[in-house]
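A short write-up of the structure that comes next.
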Number of protein chains: 2
Amino acid sequence: MNAPGELQQRLSLSREPFPQSRKVHVPGASPAVQVAMREIALSNGETVTLYDTSGPYTDPAVALDVRQGLPPLRAAWLDARADTVAYDGRPPAAQDDGGRHGDAADARLDELRRQAAALQRRPRRAAAGASVTQMHYARRGIVTPEMEYVALRENGRREWMREYLGDAAREARLRGNPLGACIPETITPEFVRDEVARGRAVIPANVNHPEIEPMIIGRNFRVKVNANIGNSPVTSSIEEEVEKLVWAIRWGADTVMDLSTGRHIHTTRDWIVRNSPVPVGTVPIYQALEKVGGVAEDLSWPLLRDTLIEQAEQGVDYFTLHAGLRLPFVPLTAGRRTGIVSRGGSILAKWCVAHHQENFLYTHFEEICEIMKAYDVAFSLGDGLRPGSAADANDEAQFAELRTLGELTQVTWRHEVQTMIEGPGHVPMHLVRANMDEQLRHCHEAPFYTLGPLTVDIAPGYDHIASAIGAAMIGWMGTAMLCYVTPKEHLGLPDRDDVRQGIVAYRIAAHAADIAKGHPGARAHDDAMSKARFEFRWRDQFALGLDPQTAEAFHDETLPKDSSKEAHFCSMCGPRFCSMKITRELREYAQAQGLDESEALKRGLADKSAEFKAAGGEFYVPVEGLRTAPSGGDQG
Amino acid sequence: MNAPGELQQRLSLSREPFPQSRKVHVPGASPAVQVAMREIALSNGETVTLYDTSGPYTDPAVALDVRQGLPPLRAAWLDARADTVAYDGRPPAAQDDGGRHGDAADARLDELRRQAAALQRRPRRAAAGASVTQMHYARRGIVTPEMEYVALRENGRREWMREYLGDAAREARLRGNPLGACIPETITPEFVRDEVARGRAVIPANVNHPEIEPMIIGRNFRVKVNANIGNSPVTSSIEEEVEKLVWAIRWGADTVMDLSTGRHIHTTRDWIVRNSPVPVGTVPIYQALEKVGGVAEDLSWPLLRDTLIEQAEQGVDYFTLHAGLRLPFVPLTAGRRTGIVSRGGSILAKWCVAHHQENFLYTHFEEICEIMKAYDVAFSLGDGLRPGSAADANDEAQFAELRTLGELTQVTWRHEVQTMIEGPGHVPMHLVRANMDEQLRHCHEAPFYTLGPLTVDIAPGYDHIASAIGAAMIGWMGTAMLCYVTPKEHLGLPDRDDVRQGIVAYRIAAHAADIAKGHPGARAHDDAMSKARFEFRWRDQFALGLDPQTAEAFHDETLPKDSSKEAHFCSMCGPRFCSMKITRELREYAQAQGLDESEALKRGLADKSAEFKAAGGEFYVPVEGLRTAPSGGDQG
């Protein structure tokens, strides 16, 4: 628990725009569509526009009050569709905030609840006979504003990128290897519609979460990153809970999962969803378990069903449900090095074994689809049997569940419910590809959403790195969203710095995947950075970096003076050894010989090159041509 | 500059053994061979033995004095070969410590030099007509003690690993994919000899560096990590310089490169080499440039030749020489986004252009071989034209130089000089493989030694992560040694914590590569960790981690009490949600049903599984078998 003053300080810090940056809105064809992006003004006059996950928080023009929630961007779109109805909603239950019999009387908690409840609207759901999922619209050929929004958002502003794509030879050399992805040069709303219709992409967008800036998850789009957040052991205020969300999206989280457990979880979720411009996911079984006092055997379908509706009404955009963890698969884990490591998975396995019954998520799966469909909550079919160590990777328990998730995917699609598939976990590099291949084969290209995977087990304290390696590779191979891992994985709860470290590591992995796949424009960002580097535009390098603040702080540790931001060298090599400086001198030298600037070095040295070619005809002469040393073994 | 008290503190800190660990020595067939390893006593009675780069520094039984240097482990081996002669050596020159005309009179520097000179022995070189390289011996069928040492070191103590390799089905599933490597189950001294003879591996071991614990660099061995160190702007003491080395090898550096520039570089090198149990590499052109006051045009072959001998006499084990950067290749860099980014490369390019002459390292290459051969200094043929941005990756400049390095490799091998090849740099994931393939094709499997590569350009402050991704991949594909990158790359000089971050990131990458290649025993380390994790042996997890100190500190942030080191849960999920705890309960439950312990769950649930199979015959039943929900779209 922190002092209120410090919290205010932190919250205001996280609203600060990034350096040299401002929020711009790119208008769509529909007047209601205004896509938020981050525009960076570089010191050389260029303007670079980047994908922006931070929402209105980095826009100083927007007055925000966490007690009011964000403006409901999608409300007009939802109204225009006129296929949902507002209704009174499920009445609050005593145990919604945890505890089998609800909380004891607690004036402070009552006040927190009162504040949270004040944020809520009346819930909506599909009108009788209507279907309101993005997949439903897509299959009927309807391009929704959500689809248009994500199309523009994925494209970004292409004008600035052209500067970097002028050299045809270079482009040919650097063309990505999409490994089966089919990413068009320009993402059209129609392309988005088609991808959603065939289930290859998901737009998580609960009708009760009008605050989101829509985003899309699919292998033919920018690779996304999820960050997990959770409630504090002692919740003190809306600000503190919302700040975790704001911090995560500031560094690049495309979605957040609220993995709160214990007390206050309903109340916390109210605050997070109303203030979140990104989709929010949950694992509903966590709350259900709280409601039965932590006794897995006491879970039941009616209780879970009630919890799903409770959370759908709040506006959760996707649910992790371990419906593929079936009773007969549990014995397959007996020989494992680390058994079952998914929390949800182990809870359900315990229930199955205690009752000697099939997983009730599996037996009630069609009913679950009906609930998801009424609110457009997307499935994130959980991998409860994912490996918890390299030793257990790709075993029969894992793959039996994966094949079941594929079967369930077809059920969800029959209901036109959007679906993604969760993946591991701990997988050595040479087994990563098989995960992607099996997922594509059995799950019909439904978006894959993996946790890492971690490529080694021996790096506690550094698992964000151990897993970023696997995440980058599986992202390249086709995974649509990467769930981040922080340095505290396996050890403890992440603090603010851990969250930032984890997200930046995963933004690196996702961007590396985008570049390898050849996502149009992904490399332009790298090129803008490299150009700034070569031209010693230090401040532009910071602004273009994934974490401008850290980059500048690191630079300042050795060269703190403002003037060194203009220096044509850096502290690593100093002025004498700066290779980039020498290269520039080389070019200037050639120019001084009276040659035109841009072609200077090329033409200046072409003479030498021609001379050389005339002599040998090859770029390298055979080694026999080398001068032989006169003496041997006796120097000094 | 730090206070002496703090320095002593730091130096003593870095001599502390790792937790639960002691130094053991595995005897070879030759009585003189005693291979140092780190043995960890786990709390369950198991003993795990790990490869140990930290040298005698982590052995409290060894009394060390940086003013005496390390004991000369190889001295007896060198004497026994009786093919080197001691000689007076090159007389010190005024400019050895930098400055065109040498330093002004400086009493403090004189004292530092006196201390450094006191460390030195008379240099040795090959006796007239003799060849003293490990490659020379290897080709003649001689297994040297150095070869025997590395064979035992690579194997480690295999006894402890057997525990983890009992399950044949799991082993088959996890067998690595060596991608062309041929790693035998047990590394024999004869295998080492054969790999060195064919140039596929290098044992850097200057006859003037008897202090090293021999190590090997080659694709059929454990992937190695190099860390760069450099002198302080103001050198204050031997301790301070040596501490950088000790710190780097503590975290897992297999070799260090001394990239010092400026003043004191000769003196600093004396200190480092005499106190280094790992091979030391340098870039001799850096010192040569200091000797000509930083004016690249004033470099000359006689000056460089003198510098090579100076450093060879000091005991440097490998030299980075950019002999493949040829004059005709320089114009190929004119259209690049970031020109020439190698320091050595840019210095030599400037010289070539200024003189309109071919690189003197290339024209005098055979003479260089003669020098290297006399001391068994290995080549690290530098990639002066490596890309400095994704945009420049795999271009003609880079590959023209690589092909030349392949030609030069054949020259070095004719002289029986050991050789490795340096590689990039900045390479997107989808272009990494081509680098390895081209290197293997043109350089005849000489060990590849890469800097990263960085897979994205936009991560200043996090380039250890951006590059660990590429390093892990290229390590899997066949790279033998990975040069680390720290978080300060592109921004400033790394401090102690940056060095640790960089090395640990690279140990992760190297280990991920070993596991993917199927290096025998690599995975046993992961399995020991996973078993400790599943059994809640917290202290064992810390001890088995790459950085025990950080892992324990992270754990203690949320559960600081000593008793929580025994807790059967952790702070991430708490006791209620601990999946591993639930899995154990599941197994205990089965056991309580009267079933035998080890097979408890498997057998206990096998009944259910059999029952299930009898009903459906498949692990998953088709979805049509699911119960259909009675109602639709109208919950709540």
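The values are calculated or read from the model by the stated rules, or taken from the named source; none is laboratory data. The shown structure was predicted, so the numbers you read here are calculated from the model rather than taken from an experiment. No Cβ is skipped: glycine too gets one built from the backbone with ideal geometry, and neighbour counts run over all protein chains shown. The area values use the complete protein model at the heavy-atom level, side chains included, leaving out ligands, DNA and RNA. Shrake-Rupley method; radii C 1.70, N 1.55, O 1.52, S 1.80 Å.
Odds and ends about this structure:
- Scanning the range A:144-179 for residues that are open to solvent by 50 Å² or more (accessible area, probe 1.4 Å) and in a loop (DSSP other than H, G, I, E, B) yields A:Arg157, A:Gly166, A:Asp167, A:Arg175, A:Asn177.
Residues checked against (1) more than 7 Å from chain B (Cβ to nearest Cβ); (2) surrounded by fewer than 22 Cβ atoms within 10 Å (Cβ to Cβ); (3) within 27 Å of the chain's Cα centre (by Cα); (4) touching a residue at least 40 places away in the same chain (Cβ under 8 Å):
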| position | (1), (2), (3), (4) |
| --- | --- |
| A:Val295 | yes, yes, no, no |
| A:Asp298 | yes, yes, no, no |
| A:Asp306 | yes, yes, no, yes |
| A:Ile309 | no, yes, yes, yes |
| A:Asp317 | yes, no, yes, yes |
| A:His322 | yes, no, yes, yes |
| A:Pro331 | no, no, no, no |
| A:Arg337 | no, no, no, yes |
| A:Gly344 | yes, no, yes, yes |
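- Which numbered condition B:Lys531 misses (of (1) surrounded by fewer than 24 Cβ atoms within 10 Å (Cβ to Cβ); (2) over 14 Å from the mean Cα position of the chain (by Cα); (3) in the same structural domain as B:Met436 (by the TED database)): (3)
- Taking the listed residues A:Arg507, A:Arg539, A:Arg500, A:Arg496, the one that is among the basic types (Lys, Arg) and under 15 Å from B:Leu454 (Cα atoms) is A:Arg507, with no other qualifying.
- Within the range A:294-365, helices (runs of 4 or more DSSP H) holding 1 or more residues that are under 18 Å from B:Glu585 (Cβ atoms) and assigned by the TED database to the domain that holds A:Asp88: A:343-355
- Those residues of the range A:180-195 which are touching a residue at least 40 places away in the same chain (Cβ under 8 Å), β-branched (Val, Ile, Thr) and open to solvent by less than 50 Å² (accessible area, probe 1.4 Å), in sequence order: A:Ile183, A:Val192
- Verdict on A:Ala288 being open to solvent by less than 10 Å² (accessible area, probe 1.4 Å) and more than 9 Å from every other protein chain (Cβ to nearest Cβ): yes
- For the range B:150-171, the set of residues classified as more than 11 Å from every other protein chain (Cβ to nearest Cβ) and modelled with pLDDT under 90 consists of B:Arg157, B:Arg158, B:Glu159, B:Trp160, B:Met161, B:Arg162, B:Glu163, B:Ala168, listed by residue number.
- Members of the range A:259-293 found to be part of a loop (DSSP other than H, G, I, E, B) and of a type outside the set (A, V, I, L, M, F, W, C), listed by number: A:Ser260, A:Thr261, A:Gly262, A:Arg263, A:His264, A:Asn275, A:Ser276, A:Pro277, A:Pro279, A:Gly293
- Looking across the range B:60-74, the residues that are open to solvent by less than 20 Å² (accessible area, probe 1.4 Å) and modelled with pLDDT of 95 or more come down to B:Leu70, B:Arg74.
- Residue check, B:Trp413 of a type in the set (Phe, Trp, Tyr), more than 9 Å from every other protein chain (Cβ to nearest Cβ) and in contact with a Gly (Cβ under 9 Å, 6 or more places away or on another chain): yes
- Applying the condition of being within 9 Å of chain A (Cβ to nearest Cβ) and not charged (D, E, K, R) to the range B:511-521 and asking which residue is surrounded by the fewest Cβ atoms within 10 Å (Cβ to Cβ) yields B:Gly518.
- Candidates A:Arg198, A:Arg222, filtered to the one that is under 21 Å from A:Arg250 (Cβ atoms), in contact (Cβ under 8 Å) with a residue 24 or more places away in the chain and charged (D, E, K, R): A:Arg222
- When the range B:47-102 is filtered for residues that are hydrophobic (A, V, I, L, M, F, W, C) and assigned to a loop (DSSP other than H, G, I, E, B), the ones remaining, listed by number, are B:Ala61, B:Val62, B:Ala63, B:Leu64, B:Val66, B:Leu70, B:Leu73, B:Ala82, B:Ala93.
- Candidates in the range B:365-379 are the residues that are out of contact with any strand residue (DSSP E or B) (no Cβ under 7 Å at 6 or more places or on another chain) and more than 7 Å from every other protein chain (Cβ to nearest Cβ); of these, the one that is surrounded by the fewest Cβ atoms within 10 Å (Cβ to Cβ) is B:Cys369.
- Qualifying residues in the range B:346-363 (those that are more than 23 Å from B:Ala227 (Cα to Cα) and at the interface with another protein chain (Cβ under 8 Å from one of its Cβ atoms)) - the one most open to solvent (accessible area, probe 1.4 Å): B:His356
- Any hit, the range B:103-111, residues being open to solvent by less than 30 Å² (accessible area, probe 1.4 Å) and assigned by the TED database to the domain that holds B:Tyr449: yes
- If you filter the range A:123-143 down to residues that are away from chain B (no Cβ under 12 Å) and of a type in the set (Lys, Arg), you find that the one that is least open to solvent (accessible area, probe 1.4 Å) is A:Arg139.
- Taking the criterion of being farther than 22 Å from A:Gly382 by Cα and open to solvent by less than 10 Å² (accessible area, probe 1.4 Å), the residues of the range A:252-269 that qualify are A:Gly252, A:Thr267, A:Thr268.
- The condition (being in contact with a Gly (Cβ under 7 Å, 6 or more places away or on another chain) and at the interface with chain B (Cβ under 9 Å from one of its Cβ atoms)) is satisfied by just one residue among A:Leu544, A:Leu491, A:Leu482: A:Leu491.
- Summed over the range B:424-469, the residues that are of a type in the set (A, V, I, L, M, F, W, C) and within 7 Å of chain A (Cβ to nearest Cβ) give a count of 8.
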